[in-house]
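These notes are about the structure you will find just below.
All of the numbers you see were taken from the coordinates with simple rules; none came from a lab. All of these numbers come straight from a predicted model, not from anything done at the bench. Note that we place each Cβ from the backbone using ideal geometry, even for glycine, and neighbour counts take in every protein chain shown.
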Amino acid sequence: MNLPILLNNKESPASIGVTHPFIHNLVYELWGGDAPVVSLLHPGEDPQKRPVNLLTDPRLKHAKLIISTGTLLDGPSSPALPPASTESTHYLRLNAPTPHSWLLESVWLDWVTTISHVLQKEFPEKAPQIRQRTQTYRDQCHRQFNRIREAIASHATSPIATNHPAFQTFAEQFGILAYAIEPNQSNITVTFEMLQRHNVHRIVPIFQIPQQDIQAIASHALIAGYVIEVTPPVLVLNFDQTPSGIRTYVDMIAHAGKQITH
């Protein structure tokens, strides 16, 4: 399990269409390799900056299954899927109680189960393999989230800050007090004073967001005699293209977890 993501973004039609590499990776894990799935977003792309359309993309013209997350992963202008499936296409809109649901263990495992059931229905010849791989993958995800909980339980944790609310959602499920900040050149002092007031000594930046304003806060704090550690950036909005080597959802969760447990 934990297969590296290999995006099938060729011009040939796909049987399964998704908006985002995270869901592509999930389908690939459950299918077991060479899944006929295409992601409309590539690794490294910001889902909020590149419009995608599951209903009009020519690669999905003959898709049997189209999956929408209903979250920010779908991008700012992705149209809603039709309320009912057609004779030729099953439209699946996943349940998303928060804008950043993909980072919550309970929601992700629910998505795993939901997608698995639909894959088995639409591709019955693959059903036995998908069922077996689903349980293995669920166990793997659960173990990774538990490792983070155990690491947090072994030592006292302090509040953190991050420059995207997605990581705030991720951290808070483990009982970590997290503040989402939006630093820019006009609010460096105000943001620093807020962090100092809440006794925050660690900022976890997001890979896809520029880091210079976070570094400016750390420098401002140092001048004031207050230490703020800036951790290595984490991936929570997409996989990247080359630097991290993180190509699967489970690896992404493990990497993100290190920044709140070390």
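Assorted remarks:
- What the phi angles of the stretch 14-24 give under the Karplus curve with 6.51, -1.76 and 1.60, with θ = phi - 60°, is a coupling list of 10, 7, 10, x, 9, 7, 9, x, 4, 6, 4 Hz, glycine and proline written as x.
- Spatially, the stretch 76-99 and the stretch 186-262 are offset by 33 Å when compared through their Cα centroids.
- Within the chain, helix-based [θ] at 222 nm, where runs of 4 or more DSSP H residues each add -39,500 (n - 2.57), nearest 500: -12000 deg cm²/dmol
- For Val234, the amide hydrogen comes within under 5 Å of the amide hydrogens of Ile206, Phe207, counting only partners 5 or more places away or on other chains and with H modelled in the peptide plane.
- Backbone HN-Hα couplings from phi across the stretch 105-111 [Karplus 6.51/-1.76/1.60, Hz, Gly and Pro as x]: 4, 4, 6, 4, 5, 5, 5
- Shown is the FRET efficiency for Ala180 and Ala84, computed with R0 = 30 Å from the Cβ-Cβ distance and rounded to the nearest 0.05: 0.20.
- Folded to 0 to 90 degrees: helix 127-153 orientation relative to the chain principal axis, Cα: 10 degrees
- Calculated SAXS-style log₁₀ I(q)/I(0) at q = 0.09, 0.14, 0.15 Å⁻¹ - the chain, Debye, Cα scatterers: -0.44, -0.95, -1.06
- Surrounding net charge for Ile160, when Lys and Arg each add one and Asp and Glu each subtract one, Cβ distance under 14 Å: 0
- Loop sites by DSSP among the GluC sites (Glu not before Pro) of the chain, restricted to those with at most 14 other Cβ atoms within 10 angstrom, leave 88-262 as the longest stretch without any of them.
- Sorted by Cβ neighbour density within 10 Å, fewest at the top, the residues Phe167, Phe192, Phe174: Phe174, Phe192, Phe167
- Prolate/oblate/rounded label for the stretch 16-147 (Cα gyration tensor, a/c 1.5): oblate
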